[in-house]
1. I need the full set of residues from region 98-114 which are of a type outside the set (D, E, K, R) and without any contact (Cβ under 8 Å) to a residue 60 or more places away in the chain, in order please.
2. Would you confirm whether or not region 124-134 contains a residue that is within 19 Å of Gln17 (Cβ to Cβ), in the same structural domain as Val40 (by TED's automatic domain parsing) and not basic (Lys, Arg)?
3. Which residues, taken from region 22-44, are surrounded by fewer than 23 Cβ atoms within 10 Å (Cβ to Cβ) and within 22 Å of Gly122 (Cβ to Cβ)?
4. Is at least one residue of region 68-79 more than 16 Å from the ligand (Cβ to nearest atom) and either of a type outside the set (Phe, Trp, Tyr) or in contact with an Asp or Glu (Cβ under 9 Å, 6 or more places away or on another chain) (or both)?
5. Give me a count of the residues in region 133-177 that are charged (D, E, K, R), buried (at least 17 other Cβ atoms within 10 Å of the Cβ) and assigned to a loop (DSSP other than H, G, I, E, B).
6. Does region 46-66 hold any residues that are more than 16 Å from the ligand (Cβ to nearest atom) and surrounded by 19 or more Cβ atoms within 10 Å (Cβ to Cβ), and which are they?
7. Checking the structure you have, find out if any residue of region 78-93 is under 27 Å from Gly33 (Cβ atoms), modelled with pLDDT of 95 or more, touching a strand residue (DSSP E or B) at 6+ places or on another chain (Cβ under 8 Å) and among the small types (Gly, Ala, Ser).
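The values are calculated or read from the model by the stated rules, or taken from the named source; none is laboratory data. If you're wondering where the values come from, they're calculated on a predicted model, not measured in any experiment. So basically every Cβ, Gly included, is an ideal-geometry build from the backbone, and we count neighbours across all protein chains shown.
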Amino acid sequence: MQSTPGPERHESLSPDQRVPSEQDLDTLSRQLGRPVRDVVEIGARCVCGNPLVATTAPRLSSGIPFPTTFYLTHPVITSAISRLEAAGLMQEMTDRLAADPVLAAAYRAAHEDYLAARDAIGARTGVGPVPEIAGVSAGGMPERVKCLHVLAGHSLAAGPGVNPLGDEALAGIAEWWTADRCYCSGAWDTEGDAPDRDRSRHVKTQEMQDPEAKKRARAEARARREAGE
Ligand SMILES: [Zn+2]
């Protein structure tokens, strides 16, 4: 099938590198401290290969439209970006966008890249178009800055030179994280079960109200026993 013509879009990883392995999904759950859902690709990786960005389908398996495609997961980067947010960088960037037409145009182009990347992900993962979020990107784009994590996640997934404010946020955390080095050691809990393993225990009360969920939980427990867990 011929690819659909559209705005130019950018990806830092090759198609092979984007495919999430079981280990990647396990690592993502550990990085976030909760089970990951609907992750269809890895948007960016550490030099060691671990995920930095989870790429989520534009429509969740529950049917809910999901505009935030690139989600920053690496704890070292997320906490460093939080420091920039706490220091007031988002308001400062939003003010600059209003005053600087060149920056505003580049940021609008980043918004378009985000939408094109999300459409492409929807197409290649079989999700298809999601009209509910057409034209809606994330992080405050194209006119404001509401979440630096979103912008940095986009910059990591797209590569440098696509999202000027995401690039700036990454440059701003250079004393804590840089792309050329691995900061994974000790950054998340690698002992014991990943968070998705014991999920059924945490949500038991809620799920038990639904007879179908009860059946699923019993089948899951049986499968675990048979797997010798
Ligand atoms: Zn690493």
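1. Of everything in region 98-114, those that are of a type outside the set (D, E, K, R) and without any contact (Cβ under 8 Å) to a residue 60 or more places away in the chain turn out to be Ala98, Ala99, Pro101, Val102, Ala104, Ala105, Ala106, Tyr107, Ala109, Ala110, His111, Tyr114.
2. There is at least one residue in region 124-134 that is within 19 Å of Gln17 (Cβ to Cβ), in the same structural domain as Val40 (by TED's automatic domain parsing) and not basic (Lys, Arg).
3. Correct list: Asp24, Leu25, Arg37, Asp38, Val39, Val40.
4. yes
5. So the answer is 0.
6. Selection gives Thr55, Thr56, Ala57, Pro58, Arg59, Phe66.
7. no
Listed here are the residues, each with its yes/no results for (1) outside the structural domain of Ala138 (by TED's automatic domain parsing); (2) among the aliphatic types (A, V, I, L, M); (3) at pLDDT 55 or above.
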residue	(1), (2), (3)
Val150	no, yes, yes
Asp167	no, no, yes
Val203	yes, yes, no
Ala219	yes, yes, yes
